[in-house]
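One structure is given here, and the rest of the page talks about it.
Just so it is clear, none of the values below were taken in a lab; they were calculated from the coordinates. Predicted, not measured: the structure shown is a model, and the values here were computed from it. Every residue, glycine as well, gets a Cβ built from its backbone with ideal geometry; the counts of neighbours run over all protein chains shown.
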Amino acid sequence: MQSFRERLNWCVTQSGASQRAISTASDLTPRHVSMLLSRDSEGVAMNTIKALAETLGVTVGWLSSGEGDPPEPGHIRKHVESLGVKVAPTTDSPAPTGTDGAR
């Protein structure tokens, strides 16, 4: 995953929660999150990245720039559930690969 948008899309999918639920839990508007998910955004505000990273249980560095190891898919779902966010039934998806193809 090369872009912030790709990492955010993957995280939202792995969470099992709706975009609206992630928006609400992050104290962001659904329209803002939808915009972030639908197109590459230059210069996303750090407070927006921090809010989403906290909600999704991922590091700011990984979400913003892909820095470090990607999170395990199950971790995101468990973290979001621990916040009381309603999630869909479980589906298994592989962890993302790093830029070098390693997991």
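Overview of values
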read-out	value
Given charges at Cβ of Lys, Arg, Asp, Glu: the chain dipole, positive-most of Val60, Ala17, His75	Ala17
Sequence-distant residues sharing a close amide H with Ala17 (under 5 Å, placed H)	Ala88
Rounded to the nearest 20 debye, dipole of the range 4-82 from Cβ charges on Lys, Arg, Asp, Glu	280
Listed values (1) 58; (2) 41; (3) 75, entry calculated as percent of Cα pairs over 18 Å apart	(2)
Computed helical MRE - 222 nm, the chain, DSSP H runs ≥ 4 contributing -39500 (n - 2.57), nearest 500	-15000 deg cm²/dmol
Over the range 4-82, relative contact order from alpha-carbon pairs under 8 Å, at least 6 apart, %	39
Estimated inter-spin distance, Ser18 and Lys78, nm [label 7 Å along Cα→Cβ]	2.7
Nitroxide proxy distance, nm - points 7 Å out along Cα→Cβ at Ser41 and Gln2	2.1
Estimated inter-spin distance, Ser65 and Asp27, nm [label 7 Å along Cα→Cβ]	2.5
